[in-house]
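Nothing in this text is a laboratory measurement; each read-out follows from the coordinates by a stated rule. Computed from a predicted model, the values in this text were never measured in an experiment. No Cβ is skipped: glycine too gets one built from the backbone with ideal geometry, and neighbour counts run over all protein chains shown.
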Amino acid sequence: MNKSSMPRRTFIKGLTASAGMLLAGCTQTEPPTYGNLLRMGDLLTYKAHRLLLPARSLVREYEYSDISSAPAIGTTNPADPWQAGFDPEYGDAYDRLLKDDFADWRLTVEGRVSRPGSFSLTDLKRMQARTQITRHTCEEGWSAIAQWTGVPLSSVLEAAGIQPDARFVQFFAYDNWEDGIDMLDALHPQTILAYGMNGRDLPIGHGAPLRLRVETQLGYKSLKFLRRIVVTHEFDDHGIFGNIQNGWAWYAGI
Ligand SMILES: Nc1nc2c(c(=O)[nH]1)N[C@H]1C(S)=C(S)[C@@H](COP(=O)(O)O)O[C@H]1N2
Ligand SMILES: [Mo]
């Protein structure tokens with residue numbers, strides 16, 4: 001993940017970084033994350049997660065009248081070379097996609113799946129949709145309520161055929177952000193790939209044409225501008241570009 005453009009809270013940063021390093025020192029096989037003492041799920045495979053899933057509770061959903069205005073923050077257009085996350089290759093690709101209203105956009109799904117491939121927006125919209133009104137909580141201290149419409153991530157992963165040893169899902173965005181979640185959150189019923197917001201197409205600033213909504217975690221885990229998903233069997237926080245080495249928790253549960 002690349003959050004270099006954003007102000008940090010030094011205190012929290014120091015705290016999570018040192019906790020992460022302590023844990024990393026403990027064992028080699030566990031994901032070195034701040035939250036992982038409580039995150040036994042990180043160690044489990046897809047098979048084991050399926051047994052635990054029915055026990056997961058849902059986050060609160062709100063009424064239409066609770067919807068508030070939501071700022072678009074971080075990257076608001078991956079094609080804009082002045083923005084912090086700009087990547088020449090993906091920025092140009094995004095610019096071209098934008099020009100034909102994302103008709104040529106595709107979401108690649110690969111890794112530990114038996115049917116790697118890609119989905120167009122039309123493919124995703126043809127699948128059973130889910131709409132939810134939820135609160136987005138940013139680590140910087142603001143929150144906003146919005147309605148999100150999309151396809152459950154679990155449906156997309158199941159369509160691609162999750163392999164039994166799968167443990168994590170990694171997301172890649174057009175502003176070069178990368179981040180991952182475990183299968184427990186990936187298969188959570190409110191974890192969706194959203195193409196709609198407040199009854200309209202997802203606006204560019206909020207991550208068009210498709211963003212992740214992982215309602216069980218803080219806002220920075222809900223990657224915008226998705227281009228690729230990789231199912232993995234190993235924890236990977238992208239070394240020096242990752243959450244942990246930049247002072248962020250890999251697991252940011254709320
Ligand atoms: N690709 C990408 N995803 C991202 C970000 C970003 O800059 N780039 N910012 C994150 C942060 S910190 C927050 S709070 C939310 C903001 O979403 P919004 O702009 O729709 O409010 O997106 C998250 N996902
Ligand atoms: Mo955020």
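Taking θ = phi - 60°, what integer Hz values does the Karplus form 6.51 cos²θ - 1.76 cosθ + 1.60 yield along segment 206-220, in sequence order, with x for Gly and Pro?
Here the 3J(HN,Hα) series is 9, x, 3, x, 8, 10, 7, 10, 10, 6, 7, 10, 4, x, 6 Hz.
Among F241, F86, which comes first, second and so on when ranked by fewest other beta-carbon atoms within 10 Å?
Arranged by neighbour count, lowest to highest, F241, F86 become F241, F86.
Please work out the C-alpha center-to-center distance from segment 119-170 to segment 201-230 and express it in whole Å.
8
As a footprinting exposure proxy, order R60, R106 by other Cβ within 10 Å, with the fewest listed first.
R60, R106
What FRET efficiency, computed as 1/(1 + (r/R0)^6) with R0 = 45 Å and r the Cβ-Cβ distance, is obtained for S120 and Q245, rounded to the nearest 0.05?
In this case the efficiency is close to 0.80.
Full-extension gain between V59 and I73, please, as 0.36 nm times their residue separation minus the C-alpha to C-alpha distance. Provide the component values of the computation, followed by the final result.
Details: separation 14, 0.36 × 14 = 5.04 nm, distance 2.29 nm.
Here the segment from V59 to I73 would lengthen by 2.8 nm.
May I have the pair-distance distribution P(r) for segment 60-246, computed from all Cα-Cα distances with 5 Å bins from 0 and rounded to whole percent?
1, 8, 17, 22, 21, 18, 10, 3, 0
Mind listing the phi-derived Karplus ³J(HN,Hα) values for segment 105-118, rounded to whole Hz, using 6.51, -1.76 and 1.60 with θ = phi - 60°, and x for any glycine or proline?
In residue order, the calculated couplings are 5, 9, 9, 7, 10, 8, x, 6, 10, 7, 10, x, x, 9 Hz.
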